[in-house]
Amino acid sequence: MRNEVACAVCGLLGFLASNKAAPDTVDQVYNALHCVRHRGPDERGTWHDQHLVVGFNRLSIIDIEHSHQPLRWGPPEAPERYALTFNGEIYNYVELRAQIEQAHAAEFDDQRIFRTEGDGEAIVAAFHYWGPAAVQRLRGMFAFAIWDTETRELFLARDPFGIKPLFLATGPGGTAFGSEKKSLLELLPAVGLNDSLDPRALEHYTVLQYVPEPETLHRDIVRLESGSYATVRPGAEPATIRYFTPTFPVRPFTPGSAASRYREIAAALEDSVAKHMRADVTVGSFLSGGIDSTAVAALAMRHNPKLITFTTGFERAGYSEVDVAAESAAAIGARHVVKVVSPSEFIQAIPEIVWYLDDPVADPALVPLYFVAKEARKHVKVVLSGEGADELFGGYTIYREPLSLKPFEKLPRRLRALAGALSERIPEGTRGKSLLHRGSLTLEQRYYGNARSFSDAQLRAVLRDFRPEWTHQDVTAPLYDRSRGWDPVTRMQHLDLFTWLRGDILVKADKMTMANSLELRVPFLDAEVLAVAERLPFDQKITKETTKYALRQALGQIVPPHVLNRAKLGFPVPLRHWLRGTELYDWAQQQIVESRTDHLLDKSAISEMLVAHRAGTSDHSRRLWTLLMFMVWHGIFVEDRIKPDIQEPVYPVSL
């Protein structure tokens, strides 16, 4: 028996019928798998019993012979009791298997508890012995379904941070679930639902630039939230439970403890990277030139001296970290691959990218991410990346805002209100106007993530059905309720974990890499790394001079000096310039003219925004991009007017 490792990267899809599954349900699920073919080009198949049909497209990370899905497992008296369909990787599966074998080997006499050496059996065996509490012991990224053939109950779970997606649709016919929304759209008739749009989700998208969980732009399809599991019985609604709720038990530094606390951070990250390197295929690493991705790549080099790093950028000055990334790769000794994206490539790829996204995400950085993933797939099947470091360690510049607004906290409420009223009288562009306005607001009023672009007045001008009661507080108020009494930076981090991170950062990371059948692993988003990050006090995250203070101190001996204190840049896009010039202006104008969204958007107002942006009187780039991405999405998924050219993978194995 070979030494199999994590192997379950796939696109899963299933349908649990309210009664018995109709004879044609198997074919319906199999055909709908075509929509998730990019998530698993190595194998495609289905399995069913009288109630459940599951399908999967699998990306082979190890020998395909031992890794078919669903994976069947059970105790000696019922060796095939459970059927597991699994998307993701469990990085502590070796340790979990050892725990289970030590505690339960006697029950199996001379039989083996595990028939493979992979991580899938660790999940289902853990579920058998520990029930739903098993998900809290899993260290990794996952979305999975376990069907118990004895109790006729379906168990669905998603990882704490939301690295892997899982969509649900429940109606009179049953419950459909899957890795991608587009596959569930194919099954809505069987579920007994329709594909109508959700106007509230649309307004949330325009405000936040992503659709917040659990919503989607389709009224009858939702997402199982990150850090949650659900149980479903035939004919019943899913019962959802949240199992992951970070508490941020801050522990101040004591005199002389700084060095040991920094070592603790470095050790946790090094251990996480080591576990994320477990694979039988070559693992590469994205490298943007910043501290997060450089730290991951440098630690990965300790386990694979032949590591390949990948970066992307644009030809326009100021919008590329190619040179810095190359310098970092040379400093750690990695082979480095660069992809430069031209404006024409950028435009041509947009319909395809939006198709892969399922719902629009108005973050232009996902376009270069798509291209660097496409380049990386020519060399590797797995890449590491630095997502999550900012949310865990305090990396966003906006987290320093409480320092600048601290004087306002000492003012009586009446004086703060006067400051806000004064700010409204100050002309636009005048220095200090924004500071006065934001200083007059509470944290709950002023901060709801990184992506705010429309004011209410601007939104009212472009949305036909603007509803002032549908605000960001629909999303943020419950999160702020959970964080009462915490310091402001921790509250902002906590909010971003459940909004920006899972709604934007991880969606684009998962969708753009899976679009290229490439598996992305994110070592910062690990339970043990979170444990050390949660305990950091305010002053170890943000100072007047820098962000991620403790992390920078911890990585001093790991990352090259030229990276250690660099400002965050990432994969920036020259969107503002391109929408004013020949690169994107004509394309944007064409989208507005051809889009059939007149019942939802005031297209004349959007055209005026585009003209004003080109004239340089206002910077509407992010607002325009938000609306343009929705128009392209609507053209694909509603109008059927835009037809992306999606490549067809080859399935070498057929079941």
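The values are calculated or read from the model by the stated rules, or taken from the named source; none is laboratory data. Computed from a predicted model, the values in this text were never measured in an experiment. Ideal geometry is used to build each Cβ from the backbone, glycine not excepted, and the neighbour counts take in all protein chains shown. Surface areas here come from the heavy atoms of the whole protein model, side chains and all, with no ligands, DNA or RNA. Shrake-Rupley method; radii C 1.70, N 1.55, O 1.52, S 1.80 Å.
Can you list residue pairs whose Cβ atoms sit under 7 Å apart, with the first residue in segment 454-479 being more than 20 Å from residue 618 (Cβ to Cβ) and the second being open to solvent by 60 Å² or more (accessible area, probe 1.4 Å) and of a type in the set (S, T, N, Q)? Count only pairs 6 or more apart in sequence or on different chains.
none
Kindly establish whether residue 557 is open to solvent by 50 Å² or more (accessible area, probe 1.4 Å) and polar (S, T, N, Q).
yes
Need the failing condition index for residue 486 against (1) in a helix (DSSP H, G or I); (2) open to solvent by 50 Å² or more (accessible area, probe 1.4 Å); (3) farther than 29 Å from residue 619 by Cβ, just the number.
That leaves (1) as the condition not met.
Go through (1) among the hydrophobic types (A, V, I, L, M, F, W, C); (2) open to solvent by 40 Å² or more (accessible area, probe 1.4 Å); (3) farther than 23 Å from residue 464 by Cβ; (4) within 29 Å of the chain's Cα centre (by Cα) one by one and return the number of the condition residue 573 breaks.
So residue 573 meets the others, but not (2).
Looking only at residues that are in contact (Cβ under 8 Å) with a residue 40 or more places away in the chain and either open to solvent by 10 Å² or more (accessible area, probe 1.4 Å) or among the charged types (D, E, K, R) (or both) in segment 117-132, which one is nearest to residue 230 (Cα to Cα)?
By that ranking, first place goes to 132.
Name every residue in segment 383-397 that is touching a helix residue (DSSP H, G or I) at 6+ places or on another chain (Cβ under 7 Å) and in a helix (DSSP H, G or I), in order of residue number.
389, 391, 392, 393
Give, as residue ranges, the helices (runs of 4 or more DSSP H) completely inside segment 321-382 that count at least 2 residues that are surrounded by fewer than 23 Cβ atoms within 10 Å (Cβ to Cβ) and small (Gly, Ala, Ser).
In segment 321-382, 322-332, 343-357 are the helices (runs of 4 or more DSSP H) which contain 2 or more residues that are surrounded by fewer than 23 Cβ atoms within 10 Å (Cβ to Cβ) and small (Gly, Ala, Ser).
Can you tell me which residues in segment 141-182 are part of a loop (DSSP other than H, G, I, E, B) and surrounded by fewer than 23 Cβ atoms within 10 Å (Cβ to Cβ)?
Residues satisfying the conditions are 149, 150, 151, 152, 172.
Which pairs turn up if I take residues in segment 204-217 that are modelled with pLDDT under 95 and of a type in the set (A, V, I, L, M, F, W, C) and look for partners that are open to solvent by 10 Å² or more (accessible area, probe 1.4 Å) and not in a loop (DSSP other than H, G, I, E, B) with beta carbon separation below 8 Å, at least 6 apart in sequence or on another chain?
208/475
Tell me which residues, restricted to segment 604-651, are among the small types (Gly, Ala, Ser) and part of a helix (DSSP H, G or I).
Correct list: 604, 605, 607, 612, 615, 621, 635.
List the strands (runs of 3 or more DSSP E) inside segment 7-116, counting only whole elements, that have at least 3 residues being of a type outside the set (Ser, Thr, Tyr) and modelled with pLDDT of 85 or more.
Filter on segment 7-116 gives 9-17, 52-59, 71-73, 82-90.
So which residues in segment 232-266 are free of Cβ contacts under 8 Å to residues at least 12 places away in the same chain and surrounded by 14 or more Cβ atoms within 10 Å (Cβ to Cβ), if there are any at all?
236
Are any residues in segment 227-256 of a type in the set (Ser, Thr, Tyr), in a loop (DSSP other than H, G, I, E, B) and farther than 23 Å from residue 499 by Cα, and if so, which ones?
254
Would you mind stating whether residue 520 is in a strand (DSSP E or B), within 14 Å of the chain's Cα centre (by Cα), hydrophobic (A, V, I, L, M, F, W, C) and over 23 Å from residue 403 (Cα atoms)?
Yes: the conditions hold for residue 520.
Out of all the residues in segment 585-602, which are surrounded by 13 or more Cβ atoms within 10 Å (Cβ to Cβ), part of a loop (DSSP other than H, G, I, E, B) and either free of Cβ contacts under 8 Å to residues at least 40 places away in the same chain or not charged (D, E, K, R) (or both)?
595, 597, 600
For segment 383-410, which residues satisfy the criterion of being open to solvent by 10 Å² or more (accessible area, probe 1.4 Å) and aliphatic (A, V, I, L, M)?
Correct list: 398, 403.
So which of 573, 650, 632 ends up being touching a helix residue (DSSP H, G or I) at 6+ places or on another chain (Cβ under 9 Å) and modelled with pLDDT under 90?
573
In segment 431-472, which helices (runs of 4 or more DSSP H) lie fully inside it and hold 2 or more residues that are open to solvent by 60 Å² or more (accessible area, probe 1.4 Å)?
Of the helices (runs of 4 or more DSSP H) lying wholly inside segment 431-472, those with at least 2 residues that are open to solvent by 60 Å² or more (accessible area, probe 1.4 Å) span 433-439, 456-462.
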